[in-house]
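**Student:** The structure is given below, and queries will be raised subsequently.
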Amino acid sequence: MDKCASRIIPAMISVVIPTLNSQAELARSLAALVPGVVEGVVREVIIADGGSQDDTPQIAEAVGARFVRAAKGRGPQLAEGARAAKGDWLLFLHADTVLEHGWYQEAERFIDESARARRPQAAAFRFALDDRGARPRYLEAMVSLRCALLRLPYGDQGLLISRAHYERLGGFRDLPLMEDVDLVRRIGRRDLCFLRSRATTSADRYQRDGYFRRMLRNLSCLTLYFLRVPPRYIVKLYG
């Protein structure tokens, strides 16, 4: 894993979370951000909502998060959240992903290292699932292998990137799927750091669809994307 240096400057992170009827998982994701807010690392949390009909807006209001409305779709929602953000650094995080205790300290060290190197970089967290047994551990190992070989994290690992670098790259594009892979490819292998802190994501879709079936579907979608099949067609397979 990449190593980061000691702190030299305070970080000011805007966390952007896309939501759509996310009341079941959002509170846990937000709770993990509280220590970063208390320590002054997290400047704001922005909920970019795609039209929730549940209590997602009320949850956002209760914790003091900024609530913005966006066109439905993770790509447009992330882009809208980024436009509303005020921090020098952006952390894109899924609503069902919970960051490990102490994540903000490692994020600070990464930001400081980037400043020392005077080189634009981005970082993703270590993938984990909130499920027990051999199957989730096997999937975690496969994701770790993918990241080591291809330097290709998905959005459920979070993405920490400076606002300036994000804007230079053109930000998230209006894609119905693969918006995370699209941006990571523009960042490039050499400019991507993998942090040790875990980003633990809900295993609901794997439990519902079956681990093997969901893994095969994800791999099929990625393969089609690299074969230049338009995401509007891939999204039908993703489900």
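The values are calculated or read from the model by the stated rules, or taken from the named source; none is laboratory data. Computed from a prediction, not measured in an experiment: that's the story for all the values here. Cβ sites come from the backbone with ideal geometry, for glycine too, and all protein chains shown count toward neighbours. Heavy atoms of the whole protein, side chains included, go into the accessibility calculation; ligands, DNA and RNA do not. Shrake-Rupley method; radii C 1.70, N 1.55, O 1.52, S 1.80 Å.
**Student:** Taking the Cα centre of region 94-141 as origin and charging only Cβ (+1 Lys, Arg; -1 Asp, Glu), how large is the dipole, in debye to the nearest 20? Don't jump to the answer; show the numbers that get you there.
**Tutor:** On the way: 8 positive and 9 negative charges, 53 e Å.
So the magnitude is around 260 debye.
**Student:** Tell me which trypsin sites (Lys or Arg not before Pro) from region 188-232 have a DSSP coil assignment and no more than 16 other beta carbons within 10 Å of their own.
**Tutor:** Arg228
**Student:** Ignoring ligands, DNA and RNA, what accessible area per residue does the chain give at 1.4 Å, in Å²?
**Tutor:** 50 Å²
**Student:** Can you put Met178, Met142 in order of accessible area, largest first, using a 1.4 Å probe?
**Tutor:** Met142, Met178
**Student:** Ok, one more. With a ≥ b ≥ c the root eigenvalues of the C-alpha gyration tensor of region 43-145, is it rounded (a/c under 1.5), prolate (a/b larger than b/c) or oblate?
**Tutor:** Values: a/c = 1.90, a/b = 1.13, b/c = 1.69.
Oblate shape, in that a/c is at least 1.5 and b/c is the bigger or equal ratio.
**Student:** On to the next question. Cα gyration tensor of region 148-239, axes a ≥ b ≥ c as square roots of the eigenvalues: rounded (a/c below 1.5), prolate (a/b > b/c) or oblate?
**Tutor:** oblate
**Student:** Right, something else. For region 90-171, restrict the atom set to alpha-carbon positions and state the Rg and Dmax in Å.
**Tutor:** Radius of gyration, then largest Cα-Cα span, for region 90-171: 14.1, 43 Å.
**Student:** Turning to a different aspect of this structure: Which whole-number percent is the relative contact order of region 1-139 (Cα, under 8 Å, 6+ apart)?
**Tutor:** Numbers: 217 pairs, mean separation 46.8, N = 139.
That works out to 34 percent.
**Student:** Let me ask something else about it. Does region 77-221 classify as rounded, prolate or oblate by the C-alpha gyration tensor (a ≥ b ≥ c root eigenvalues; a/c under 1.5 gives rounded; else a/b over b/c gives prolate, otherwise oblate)?
**Tutor:** prolate
**Student:** In addition: Along Cα→Cβ, 7 Å out, is where each label goes; now give me the distance between the ones at Ala24 and Asp130 in nm to one decimal.
**Tutor:** 1.1 nm
**Student:** Taking the alpha-carbon centroid of each part, what is the distance from region 72-145 to region 184-239 in angstrom?
**Tutor:** Here the answer is 14 Å between Cα centres.
**Student:** With +1 on each Lys and Arg Cβ and -1 on each Asp and Glu Cβ, how big is the dipole of the chain about its Cα centre, in debye rounded to the nearest 20?
**Tutor:** Numbers: 37 positive and 28 negative charges, 210 e Å.
I would put it at about 1000 debye.
**Student:** Determine the relative contact order of region 59-193: mean sequence separation of Cα pairs under 8 Å and six or more apart, normalised by residue count, in whole percent.
**Tutor:** Once divided by the residue count of region 59-193, the mean separation gives 36 percent.
**Student:** With a 1.4 Å probe and every protein chain kept in, tell me what percent of the accessible surface of the chain is carbon plus sulfur.
**Tutor:** 51 percent
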